[in-house]
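Read through the structure below, which is laid out as structure tokens, and then see the notes.
The values are calculated or read from the model by the stated rules, or taken from the named source; none is laboratory data. Please read these numbers as outputs of a predicted model, since none were measured by experiment. All Cβ positions, glycine included, derive from the backbone under ideal geometry; neighbour counts span all protein chains shown.
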Amino acid sequence: MGKGELTARFKQFCMELTEKDRIAIIHHSDADGFCSALIAAKAVEKLTGNKPVVVQHFEYGNVEQGKKGLESMRKHKANKLIIVDIGIDRAPQGAGEVCPLEQCLVIDHHEMINDLNSEKTVFLKAQFFTKRDPSSYVTSKFAFDLFNRVIDVSELDWLACIGIIGDMSLGKWQNFIKKTIEKREISIEWLYNFADLIAAVEVLAEKRMKELFWLFYNAKQPEKILGSRFKQYLKEFKREKDGLVEGFEEKAEHLPELQLYFYAIKAKHEGIKSYVINEISKMHPGKTIILLQELGGKRLRFSGRRQDGKVKVNQLLMKAVKDIEGGSAGGHAPAAAGSIPKKFAEQFKKNVVEILKQKYGK
């Protein structure tokens, strides 16, 4: 389907919503997914007069969160589902599991693996709507632009900005963020504080994400969110993240001929790795960074970053796990992640090195 037909299907989905519909929203748990869900929820209330009956965050591989979402949808008798910032098309069999209701709308900016458009599913990928790298057309901005076509959600521009910051796409949306800052008489630091707060709760108090969502949703004055009970998590989050970032130069394994770093960490909180590698990648935008995090059990999680575009880390990581039994990887060209059985750690590193040697002719 082309952009025009997809836009028409999106508008039809929105305009056919009524006050009788019971809407569920499933979103990725990071700042971009969180803000995408807020924008979608606000649009739903404007279109139907009612708030969504279910809002559930989801992190890839978290079976418990997936079950909670399905249970909540059944409990609250949801009949329509909106999924934002989750690449549900990675496995085609996942469509029936994640879209179990009579109609489903998917808004996402991950690279498309399978087209899930069907009679009941409106499947919108950023790559059909932009000439820029889809990874930088973050879902919160994508959702903001889409819903603005059917109903005015311009007052939610600050949420789109937080999602942009959270997904490290600030450089691609400077004009939009500048206009938002000037219009609202706020600062870039103000926006960063919200992104950090969402990250802190995601990492340190995941079970309170839903509570944080409704605090954002109902806030008449956004700045009061920063002074809420959730601020207690910021200090610990920043301390752990900064400590791991500071250890990079001393502890990372550097292969200069491949412009590659491997950095193995042991952290108190599982979700911290994405935020640690984001900071490191800002300091080394022209290097491929692979961060490995040991967890309890038999699996090893990893994240990859490369900001100058010379290595597409999603493709690199997917190739590196291709022949590893139980390995998985995916994401965007500049930022990707995955996991493997811990016993294959050295094989994974060897695979990464061999792939980059071929690229650089070493």
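Observations on the model:
- Here is the figure for region 195-206: residues that are farther than 18 Å from Lys268 by Cβ and touching a residue at least 60 places away in the same chain (Cβ under 8 Å) total 2.
Quick grid of which residues meet (1) part of a helix (DSSP H, G or I); (2) of a type in the set (Lys, Arg); (3) under 30 Å from Tyr360 (Cβ atoms):
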{"site": "Ile225", "(1), (2), (3)": "yes, no, no"}
{"site": "Gln232", "(1), (2), (3)": "yes, no, no"}
{"site": "Lys235", "(1), (2), (3)": "yes, yes, no"}
{"site": "Tyr275", "(1), (2), (3)": "yes, no, yes"}
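- Within region 308-323, if we keep just the residues that are free of Cβ contacts under 8 Å to residues at least 40 places away in the same chain and under 24 Å from Ile272 (Cβ atoms), the residue that is surrounded by the fewest Cβ atoms within 10 Å (Cβ to Cβ) turns out to be Met318.
- Checked against (1) within 15 Å of the chain's Cα centre (by Cα); (2) crowded, with 20+ Cβ neighbours inside 10 Å; (3) modelled with pLDDT under 95, Arg90 meets all criteria but (2).
- Test: residue in region 254-273 that is outside any helix (DSSP H, G or I) and of a type in the set (Ser, Thr, Tyr): yes
- Some residue of region 24-42 being surrounded by fewer than 18 Cβ atoms within 10 Å (Cβ to Cβ) and either on the phi < 0 side of the Ramachandran plot or assigned to a helix (DSSP H, G or I) (or both): no
- Residue in region 213-236 that is in contact (Cβ under 8 Å) with a residue 60 or more places away in the chain, in contact with a helix residue (DSSP H, G or I) (Cβ under 6 Å, 6 or more places away or on another chain), farther than 18 Å from Leu38 by Cβ and not assigned by TED's automatic domain parsing to the domain that holds Asn278 present: no
- Restricting attention to region 49-72 and to residues that are assigned to a strand (DSSP E or B) and in contact with a Phe, Trp or Tyr (Cβ under 8 Å, 6 or more places away or on another chain), the residue that is modelled with the highest pLDDT turns out to be Val55.
- Residue in region 321-337 that is in a helix (DSSP H, G or I) and among the acidic types (Asp, Glu) present: no
- Filter result for Lys207 (charged (D, E, K, R), within 18 Å of the chain's Cα centre (by Cα) and surrounded by fewer than 15 Cβ atoms within 10 Å (Cβ to Cβ)): yes
- Glu19 over 27 Å from Ile162 (Cα atoms) and assigned to a helix (DSSP H, G or I): no
- Only a single criterion out of (1) at pLDDT 95 or above; (2) within 19 Å of Tyr60 (Cα to Cα) is not satisfied by His332, namely (1).
- Qualifying residues in region 234-290 (those that are in contact with a Lys or Arg (Cβ under 9 Å, 6 or more places away or on another chain) and among the small types (Gly, Ala, Ser)) - the one surrounded by the fewest Cβ atoms within 10 Å (Cβ to Cβ): Gly286
- Asp157 meets the conditions (1) in contact with a strand residue (DSSP E or B) (Cβ under 6 Å, 6 or more places away or on another chain); (2) of a type in the set (D, E, K, R); (3) buried (at least 16 other Cβ atoms within 10 Å of the Cβ) in every case but one. The failed one is (1).
- Scanning region 280-305 for residues that are among the basic types (Lys, Arg) and modelled with pLDDT under 95, we see that the one that is nearest to Ala337 (Cα to Cα) is Arg301.
- Region 104-146, residues that are closer than 18 Å to Ile83 by Cα, out of contact with any strand residue (DSSP E or B) (no Cβ under 9 Å at 6 or more places or on another chain) and either in contact (Cβ under 8 Å) with a residue 40 or more places away in the chain or crowded, with 22+ Cβ neighbours inside 10 Å (or both): Phe128, Phe129, Tyr137, Val138, Lys141, Phe144
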